[in-house]
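Enquirer: Quick one: the structure is below, and I'll ask about it shortly.
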Amino acid sequence: MRKVITAKTSCSEEMLEICDRISKLNIDCLIESRENLLRIKIFGYDKDSIVENYRTIVSIIERVHRKYTKDEEGMYEYSLSDLKYPVNKDLIIDTLKALGHNVKYLKEEGVIKTSLELDKLNEILCELNEIYGELAFRNIGSKPVKNVIVLAAYLTGKDVDEVIEEGLEKEFFREENGRIVLNKDIKLAKKELAGIEVEKQ
């Protein structure tokens with residue numbers, strides 16, 4: 001028995017990612033490609049397992065397709081687990097909004113939707129991740145405090161130590177038991193240190 005899936009892809013990157021994901025599954029299938037078309041033949045002796053494998057592959061195709069093709073709102077869809085760099089969602093959302101990009105977070109799906117293409121998003125995430133890494137050598141309190149520091153450093157081009165010092169001087173932060181913690185409203189800290197207005201999530 002077999003089932004066949006035919007899918008149209010928008011670019012070679014999308015096609016390669018779909019093929020790569022399917023190849024990592026323990027599914028007996030044959031993948032054929034021609035230009036921007038994919039044909040996946042699923043084989044098996046059990047009807048239920050073929051149907052289950054069919055649904056799994058269709059789900060992968062749809063998930064990857066949304067990363068490379070805009071929806072009716074002009075937005076791409078990225079699963080947090082698929083992002084190349086481990087940057088927390090709140091920092092991603094604040095940064096993209098500050099840069100003027102449309103962005104939504106779908107909590108139940110664990111998905112970020114934005115008008116930004118994947119390559120551009122990964123460039124931003126790479127920089128944010130590098131800045132975040134610098135905080136590992138400093139005794140910073142909660143994640144929101146770290147996010148403010150990274151956001152401000154990214155948007156202003158300042159060193160993280162400059163941002164921390166400015167935050168302490170302006171009393172947005174304070175030292176408590178050797179740690180840098182938040183001293184004022186988080187939105188006010190974002191506005192003053194990073195120069196942005198942040199809407200309530």
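Enquirer: Which residue is farthest from residue 134 (Cα to Cα), if the candidates are limited to segment 66-107 and must be among the β-branched types (Val, Ile, Thr) and assigned to a helix (DSSP H, G or I)?
Expert: Taking segment 66-107 as the starting set, the residues that turn out to be among the β-branched types (Val, Ile, Thr) are 69, 87, 92-93, 95, 103.
Cutting the leftovers down to assigned to a helix (DSSP H, G or I) gives us 92-93, 95.
Working: 92: 17, 93: 20, 95: 18 Å.
The qualifying residue farthest from residue 134 (Cα to Cα) is 93.
Enquirer: Using the structure shown, decide if residue 55 is free of Cβ contacts under 8 Å to residues at least 60 places away in the same chain, outside any helix (DSSP H, G or I) and farther than 30 Å from residue 130 by Cβ. Even if it seems obvious, please write down each step before you answer.
Expert: Values: free of Cβ contacts under 8 Å to residues at least 60 places away in the same chain: yes; outside any helix (DSSP H, G or I): no; farther than 30 Å from residue 130 by Cβ: yes.
So residue 55 fails the test.
Enquirer: Output the number of residues of segment 72-102 satisfying the condition of being surrounded by 15 or more Cβ atoms within 10 Å (Cβ to Cβ) and touching a Gly at 6+ places or on another chain (Cβ under 9 Å).
Expert: 4
Enquirer: Further question on the same structure: Just one of the numbered conditions (1) of a type in the set (A, V, I, L, M); (2) open to solvent by 60 Å² or more (accessible area, probe 1.4 Å); (3) more than 30 Å from residue 128 (Cβ to Cβ) is not true of residue 16; which one?
Expert: Residue 16 satisfies all of (1) of a type in the set (A, V, I, L, M); (2) open to solvent by 60 Å² or more (accessible area, probe 1.4 Å); (3) more than 30 Å from residue 128 (Cβ to Cβ) except (3).
Enquirer: For residues that are touching a strand residue (DSSP E or B) at 6+ places or on another chain (Cβ under 8 Å) and surrounded by 13 or more Cβ atoms within 10 Å (Cβ to Cβ), scanning just segment 62-71, find the one that is nearest to residue 6 (Cα to Cα).
Expert: Taking the candidates together, the pick is 65.
Enquirer: Next up: Any residue that is assigned to a loop (DSSP other than H, G, I, E, B), buried (at least 18 other Cβ atoms within 10 Å of the Cβ) and touching a His at 6+ places or on another chain (Cβ under 7 Å) - is there at least one of those in segment 163-174? Quick ask: steps written out before the conclusion?
Expert: First pass over segment 163-174, keeping only residues assigned to a loop (DSSP other than H, G, I, E, B): 170-172.
Adding the requirement that they be buried (at least 18 other Cβ atoms within 10 Å of the Cβ) leaves 172.
This time we only want the ones that are touching a His at 6+ places or on another chain (Cβ under 7 Å), so: none.
No, segment 163-174 has no match at all.
Enquirer: Scan (1) assigned by the TED database to the domain that holds residue 143; (2) open to solvent by less than 90 Å² (accessible area, probe 1.4 Å); (3) out of contact with any strand residue (DSSP E or B) (no Cβ under 8 Å at 6 or more places or on another chain) for the single condition residue 59 breaks and write down its number.
Expert: With respect to (1) assigned by the TED database to the domain that holds residue 143; (2) open to solvent by less than 90 Å² (accessible area, probe 1.4 Å); (3) out of contact with any strand residue (DSSP E or B) (no Cβ under 8 Å at 6 or more places or on another chain), residue 59 is out only on (1).
Enquirer: Assess whether residue 188 counts as being at pLDDT below 90 and either open to solvent by 60 Å² or more (accessible area, probe 1.4 Å) or assigned to a loop (DSSP other than H, G, I, E, B) (or both). Walk me through how you get there before you give the answer.
Expert: Working: at pLDDT below 90: yes; either open to solvent by 60 Å² or more (accessible area, probe 1.4 Å) or assigned to a loop (DSSP other than H, G, I, E, B) (or both): yes.
So residue 188 fits the description; yes.
Enquirer: Here's a check for you: in segment 128-167, which residue that is in contact with a helix residue (DSSP H, G or I) (Cβ under 6 Å, 6 or more places away or on another chain) and charged (D, E, K, R) is nearest to residue 189 (Cα to Cα)?
Expert: Going through the qualifying residues, I end up with 146.
Enquirer: Here's another thing I want to ask about it. Among the residues of segment 108-149, write down those that are part of a helix (DSSP H, G or I), of a type in the set (Gly, Ala, Ser) and open to solvent by less than 60 Å² (accessible area, probe 1.4 Å). Give the steps one after another, and end with the answer.
Expert: If we filter segment 108-149 for residues that are part of a helix (DSSP H, G or I), which is where we start, we get 118-137, 143-149.
Next, only the ones that are of a type in the set (Gly, Ala, Ser) stay: 133, 136.
Passing the criteria: only 133.
Enquirer: In segment 131-147, is there at least one residue being within 16 Å of the chain's Cα centre (by Cα) and at pLDDT 90 or above? Let's see the steps before the verdict.
Expert: In the first step, residues of segment 131-147 are kept if they are within 16 Å of the chain's Cα centre (by Cα); the result is 132, 147.
Okay, now just the ones that are also at pLDDT 90 or above, so 132, 147.
Yes, some residue in segment 131-147 is within 16 Å of the chain's Cα centre (by Cα) and at pLDDT 90 or above.
Enquirer: Return yes when residue 158 is buried (at least 16 other Cβ atoms within 10 Å of the Cβ), of a type in the set (D, E, K, R) and modelled with pLDDT of 90 or more and no when it is not.
Expert: Details: buried (at least 16 other Cβ atoms within 10 Å of the Cβ): yes; of a type in the set (D, E, K, R): yes; modelled with pLDDT of 90 or more: yes.
The answer is yes for residue 158.
Enquirer: In segment 27-56, which residues are touching a strand residue (DSSP E or B) at 6+ places or on another chain (Cβ under 9 Å), open to solvent by 80 Å² or more (accessible area, probe 1.4 Å) and within 13 Å of residue 1 (Cβ to Cβ)?
Expert: Within segment 27-56, just 28 meets the criteria.
The values are calculated or read from the model by the stated rules, or taken from the named source; none is laboratory data. Please read these numbers as outputs of a predicted model, since none were measured by experiment. Reconstructed Cβ throughout: ideal geometry from the backbone, glycine too, with neighbour counts over all protein chains shown. Accessible surface areas use protein heavy atoms only, side chains included; no ligands, DNA or RNA. Shrake-Rupley method; radii C 1.70, N 1.55, O 1.52, S 1.80 Å.
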